[in-house]
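Engineer: Following this message is one structure expressed as structure tokens.
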Amino acid sequence: YGRPPMSLSAFHPAVARWFARSFDAPTGAQAAAWAAIGEGRHTLVAAPTGSGKTLAAFLHALDALVREALAGTLGEATRVIYVSPLKALSNDVHLNLERPLAGIADELLRLGLPPVDIRSAVRTGDTPQAERAKLRKRPPHIIVTTPESLYILLGSESGRLMLGGAHSVIVDEIHALAGNKRGAHLALTLERLDALCGR
């Protein structure tokens, strides 16, 4: 990998304190990934099950959201897109996001900082129409979706409005997509997303 691993001190104190209260220490995969992600690089995390790959990807994104919210610049747009080929995994990730968000909120309170409203939501083919309408009116800061639903979102005006301010994309279980048509389709969708966001 070639870069020195990154320590928790680079994160906002509320984020670092939540992590330190929740885990003994960052895994090697997390510390190495954080260094690359912190430089804004495309980062592939390949590590054994249980090495914290999903949190390796999410912690920088959560840190950026906390900083934006505290600065008053977060707004009402989606900033982080999490893509999973498995609908069931999407629901699990959404639930697992609630834990760090709640823990970081507690740490902000302990530090005497104002609360932040960071919202996450799931958007898949199973999402009811009423929920989709809510997402259009008040976009989540983190959207958890499938490759196909991301494609559909980019095909609608309201979806493009929602996703135009995204700054991070996390693709989970990429090995399940890389060598097939779904992967080729997702690669094209991500290029469209890049063009939309202008970054």
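Engineer: Based on the Kirkwood radius over alpha-carbon pairs, what value in µm²/s does the Stokes-Einstein equation return for the translational diffusion coefficient of the chain at 20 °C and 1.002 mPa s? Let's see the in-between values first.
Structural biologist: Working: Rh = 17.4 Å.
Rounded, D is 123 µm²/s.
Engineer: Excluding ligands, DNA and RNA, what is the solvent-accessible area per residue of the chain at a probe of 1.4 Å, expressed in Å²? Before the final figure, lay out the partial values.
Structural biologist: Numbers: 10320 Å² over 199 residues.
Roughly 52 Å² per residue, with all protein chains present.
Engineer: What distance in nm lies between label points placed 7 Å from Cα along the C-beta direction at H185 and A47?
Structural biologist: For H185 paired with A47, the spin-label model returns 3.1 nm.
Engineer: Accessible area of the chain with a 1.4 Å probe: how many percent of it is carbon plus sulfur?
Structural biologist: Details: 5820 of 10320 Å².
Carbon with sulfur: 56 percent of the solvent-accessible area.
Engineer: Just the number, please: Stokes-Einstein D of region 118-199 in µm²/s, Kirkwood Rh from C-alpha pairs, 4 °C, 1.567 mPa s.
Structural biologist: Values: Rh = 13.2 Å.
Translational D for this selection: 98 µm²/s.
Engineer: Compute the longest continuous run of the chain that contains no exposed chymotrypsin sites (Phe, Trp or Tyr not before Pro); treat a site as exposed when its DSSP state is not H, G, I, E or B and it has at most 16 other Cβ atoms within 10 Å.
Structural biologist: Between the exposed loop sites, the longest stretch runs 24-199.
Engineer: Further question on the same structure: Specify the residue with the greatest mean-square fluctuation among T127, T54, T146, computed from a Gaussian network of the chain linking alpha-carbon atoms under 10 Å apart.
Structural biologist: In the Gaussian network model the winner is T127.
Engineer: What is region 1-63 by shape, rounded, prolate or oblate, if you read a ≥ b ≥ c off the alpha carbon gyration tensor as root eigenvalues and call it rounded for a/c under 1.5, prolate for a/b larger than b/c, and oblate otherwise?
Structural biologist: Working: a/c = 1.65, a/b = 1.23, b/c = 1.34.
Cα axes put region 1-63 in the oblate bin.
The values are calculated or read from the model by the stated rules, or taken from the named source; none is laboratory data. All values derive from a computational prediction rather than experimental measurement. When we count neighbours, we look across all protein chains shown, and the Cβ atoms used for this are built from the backbone with ideal geometry, even at glycine. Accessible surface is based on the protein model in full, side chains and every heavy atom, while ligands, DNA and RNA are left aside. Shrake-Rupley method; radii C 1.70, N 1.55, O 1.52, S 1.80 Å.
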